[in-house]
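Structure first, then comments.
We did not get these values from a lab; they are worked out from the coordinates using the rules stated. Bear in mind that the values here come from a model prediction, so they are computed numbers and not experimental data. Quick reminder, even Gly has a Cβ in these numbers, built from the backbone with ideal geometry, and neighbours come from all protein chains shown.
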Amino acid sequence: MRRISLIVAGLAATVICCQALGQGTVVRVGYFPNVTHSQAAIGRATGRFEQALGHGAPIEWKTFNAGPSVIEAIFAGALDFAYVGSGPTITGYVRSQGEALRVIAGATSGGAALVVRSDSGISAAADFHGKKVASPQLGNTQDVALRAWLHRNHLETRERGGDVQVIPIANPDQFTLFVKREIDAAWAPEPWATRLIQQANGRLFLDERDLWPNRQFVTTNLVVSKKFLEQHRDIVKQWLRVHVELTNWINANPPEARRILNQQIRKDTSAEIPPQILEESFTRLQVTYDPLRSSLLAAAQLSQEAGLLGRKPIDLSGLHDLSVLNEVLAEKKLKAIQ
């Protein structure tokens with residue numbers, strides 16, 4: 001409790017009139033219990049979002065394993081905010097013809113890697129011929145990255161006439177199959193990439209940051225349903241205030257942030273992350289509120305090249321709405337995001 005009190009005291013206080021905000025609107029929020037969704041997990045653990053929204057807008061938290069399930073929940077009208085990766089974000093926007101969601105901030109850059117079994121015989125891209133490679137879920141951010149990387153290295157999946165078998169499977173099951181030597185590699189988010197390395201005889205083959213300019217690419221976005229943004233801009237602004245404060249606090253207090261994050265992960269999954277794994281996983285990511293728009297647009301191009309978005313040109317010009325974020329940044333005298 002003392003640690004939670006310290007973070008609450010350390011963040012900038014936001015004064016609101018609870019009765020005026022939301023007027024009984026239930027705010028439904030989705031996130032993954034992993035290190036690339038740290039603002040959501042730490043915000044939930046400390047009660048910061050509840051404190052900011054007040055009793056006028058109670059929060060319902062929902063956890064997910066991978067992004068496509070989050071997008072389906074948004075389509076079904078079951079989520080208002082979500083922390084989700086670039087692949088499902090793009091797919092959700094395209095499938096709904098721009099009507100389902102908007103990206104309103106970033107959350108994490110980096111934090112994903114291609115890990116191979118040390119005894120898999122893989123030392124170069126060409127060695128993936130005939131191999132079995134896992135991703136967390138069909139169409140999720142790492143699944144898209146994996147398929148795009150294979151395509152760019154003149155490799156194809158079985159369904160596209162090649163000989164690489166991509167197996168979309170939940171991260172805990174990837175770990176089990178790795179240990180049993182039933183898969184050869186996995187493109188995994190943190191902390192699972194580090195777990196495969198430290199606990200499952202894995203070896204880092206590719207840090208995804210090495211594929212991107214300045215080693216920055218969006219792993220997790222904060223998105224909101226288009227309808228909710230239009231109807232509850234006041235709640236969206238309040239959420240973003242806390243999101244920015246949490247981002248800055250996490251970057252300024254990494255050890256304490258990791259401890260609180262791990263507490264929430266344990267509540268969500270009944271198992272905490274070993275401290276050495278948590279610490280290493282944080283070395284491969286950056287917590288940020290910048291959505292790194294150019295990297296998402298590049299990811300969309302890669303998805304299309306890999307045959308995941310069809311062949312028709314796609315228009316993502318309306319996907320980002322950073323107007324509320326920039327209002328918050330102006331209040332805090334921080335640099336606007338373009």
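What you get for the chain, charging only the Cβ of Lys and Arg (+1) and of Asp and Glu (-1), is a dipole of about 320 debye around the Cα centre. Lys-Lys pairs in the chain that are eight or more residues apart or on separate chains and whose Cα atoms lie under 16 Å of each other come to 7. Please state the shape class of segment 53-164: rounded when a/c is under 1.5, otherwise prolate if a/b exceeds b/c and oblate if not, all from the C-alpha gyration tensor. Taking the square roots of the gyration eigenvalues as a ≥ b ≥ c, segment 53-164 is prolate. For segment 112-213, the relative contact order works out to 45 percent when only alpha carbon pairs closer than 8 Å and six or more residues apart are counted. Comparing mean-square fluctuations of Lys132, Lys180, Lys226 from a GNM of the chain with C-alpha springs under 10 Å, the top value falls on Lys180. If you work out Rg and Dmax of the Cα atoms in Å from the coordinates, which of [x] 19.6, 62; [y] 33.4, 108; [z] 20.4, 59 do you get? Looking at Rg and Dmax of the Cα atoms in Å for this model, the match is [x]. Computed from Cα atoms, the angle from the helix 233-252 axis to the main principal axis of the chain rounds to 60 degrees.
Taking the Cα atoms only, what angle lies between the long axis of helix 141-152 and the longest principal axis of the chain, rounded to 10 degrees? Approximately 40 degrees, to the nearest ten.
Every helix of 4 or more DSSP H residues in the chain counts as -39500 (n - 2.57), and over all residues that averages to -12500 deg cm²/dmol at 222 nm. Using Cβ point charges alone (K and R +1, D and E -1), the dipole size of segment 112-213 about the Cα centre works out to roughly 120 debye.
Considering only beta bridges that DSSP places wholly inside segment 112-213, some 60 percent are antiparallel. For the chain, the relative contact order works out to 27 percent when only alpha carbon pairs closer than 8 Å and six or more residues apart are counted. Going by neighbour counts of Cβ atoms within 10 Å, the residues Ser120, Ser69, Ser225 line up, fewest first, as Ser69, Ser120, Ser225. Were the residues from His129 through Ser323 laid out at 0.36 nm apart, the gain over their Cα-Cα distance would be 65.2 nm.
Once you reduce segment 78-153 and segment 37-65 to the center of their Cα atoms, the two points are 26 Å from each other. Residues Glu208, Glu99 in ascending order of nearby Cβ atoms (within 10 Å, fewest first): Glu99, Glu208. Beta-bridge orientation, the chain: approximately 60 percent antiparallel, per DSSP, counting only bridges with both partners inside.
Ranked by how many other Cβ atoms sit within 10 Å of their own Cβ, fewest first, the residues Ser270, Ser303 fall in the order Ser270, Ser303. Placing a label point 7 Å from the Cα of Gln97 along the Cα-to-Cβ direction, no residue of segment 221-259 has its backbone N under 15 Å from that point.
When the chain is treated as a Gaussian network with alpha carbon springs shorter than 10 Å, the biggest mean-square fluctuation among Pro254, Pro313, Pro172 belongs to Pro313. For the residues Ala271, Ala78, Ala112, a GNM of the chain with alpha-carbon springs under 10 Å puts the largest fluctuation on Ala271. Stokes-Einstein, applied to the Kirkwood radius of segment 136-260 over Cα pairs at a viscosity of 1.002 mPa s and 20 °C, places its translational diffusion at 122 µm² s⁻¹. Using a simple spin-label model with pseudo-atoms 7 Å out from Cα toward Cβ, Asp119 and Glu159 lie 3.1 nm apart.
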